[in-house]
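Novice: A single structure is presented below for examination.
The values are calculated or read from the model by the stated rules, or taken from the named source; none is laboratory data. Since the structure is predicted, the reported quantities are computational estimates derived from the model, not experimental observations. Backbone-built Cβ (ideal geometry, glycine too); neighbour counts: all protein chains shown.
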Amino acid sequence: MSDTDDLVEIEQLLGRYAVSMTRGDVDEVLAVFTPDGTYSAFGDTYSLDGFPALVSAAPKGLFLVGTPVIELAGDTATGTQPLCFVEHSRHEMRIGYYNDTYLRTPDGWRLRTRAMTFIRRSGAHDSGRPHAFTRS
C-alpha cells in the first residue's frame, strides 16, 4: 500500500466519524476506533465503553471537518483535523480541532486516540470544561 493509499484510507475513516456523529450513529462512530481506543475532552479521557453516554449528552448537529494533516510512520500515524460543529436547532457553533493517533489493524486504519481542543472566543485553546459532562 502506498502512502497516498494510507492517507486516503485515514481521511475516509475520519469522514465516517464526522458523518456518523452528525447522524447520531454511535455504533458506526465506535467502529472507527481500535478496541482500546480513547476520546479525550472536558479534562478527562473516555474509553469506548463510556463513549455512548458522552455522545448522548452532547448537542446534536453538523460535524463539519477539514482536511487533516497526517504524519505516517509505518503502521502508526498522528494527525490534526479542524472541526466546526453547528448545533441543529439554534445554529450555534463550536470550533476547534482534534489531535489523533491512528493504528493500522487487520481491518484497516483505525483511530486509537482522539483528543478535542476547543477554540474559545477569547482565542484560548483548551480541552473543555471539566464539569461539562458527568459520568454516571
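Novice: Go through 86, 55 for me and flag whichever is β-branched (Val, Ile, Thr), over 30 Å from residue 3 (Cα atoms) and under 12 Å from the mean Cα position of the chain (by Cα).
Specialist: On the way: 86 fails: under 12 Å from the mean Cα position of the chain (by Cα).
Among 86, 55, only 55 is β-branched (Val, Ile, Thr), over 30 Å from residue 3 (Cα atoms) and under 12 Å from the mean Cα position of the chain (by Cα).
A quick yes/no check of all residues on (1) crowded, with 18+ Cβ neighbours inside 10 Å; (2) out of contact with any Gly (no Cβ under 6 Å at 6 or more places or on another chain); (3) part of a loop (DSSP other than H, G, I, E, B); (4) modelled with pLDDT under 95:
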{"position": "5", "(1), (2), (3), (4)": "no, yes, no, no"}
{"position": "14", "(1), (2), (3), (4)": "yes, yes, no, no"}
{"position": "78", "(1), (2), (3), (4)": "no, yes, no, no"}
{"position": "81", "(1), (2), (3), (4)": "yes, yes, no, no"}
{"position": "86", "(1), (2), (3), (4)": "no, no, no, no"}
{"position": "103", "(1), (2), (3), (4)": "no, yes, no, no"}
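Novice: What are the residues in segment 43-56 that are surrounded by 13 or more Cβ atoms within 10 Å (Cβ to Cβ) and part of a helix (DSSP H, G or I), if any?
Specialist: Listed by number, the residues that qualify are 48, 50, 51, 52, 53, 54, 55.
Novice: Also: Look through segment 16-42, keep the residues that are in contact with a Ser or Thr (Cβ under 6 Å, 6 or more places away or on another chain) and touching a residue at least 60 places away in the same chain (Cβ under 8 Å), and return whichever of them is surrounded by the fewest Cβ atoms within 10 Å (Cβ to Cβ).
Specialist: 38
Novice: Okay, moving on. Among the listed residues 128, 123, 96, which satisfies the condition of being in a loop (DSSP other than H, G, I, E, B), buried (at least 16 other Cβ atoms within 10 Å of the Cβ) and out of contact with any helix residue (DSSP H, G or I) (no Cβ under 8 Å at 6 or more places or on another chain)?
Specialist: 128
Novice: List the number of the failed condition for residue 67; all other conditions in (1) surrounded by fewer than 15 Cβ atoms within 10 Å (Cβ to Cβ); (2) touching a Ser or Thr at 6+ places or on another chain (Cβ under 9 Å) hold.
Specialist: Answer for residue 67: the failing condition is (2).
Novice: A follow-up question, please. Going through segment 89-115 one residue at a time, which ones are of a type in the set (S, T, N, Q), within 17 Å of the chain's Cα centre (by Cα) and under 23 Å from residue 2 (Cβ atoms)?
Specialist: Selection gives 101 alone.
Novice: Please enumerate the residues belonging to segment 7-19 that are closer than 16 Å to residue 33 by Cα and either among the aromatic types (Phe, Trp, Tyr) or touching a Leu at 6+ places or on another chain (Cβ under 9 Å) (or both).
Specialist: Within segment 7-19, 10, 13, 14, 17, 18 qualify.
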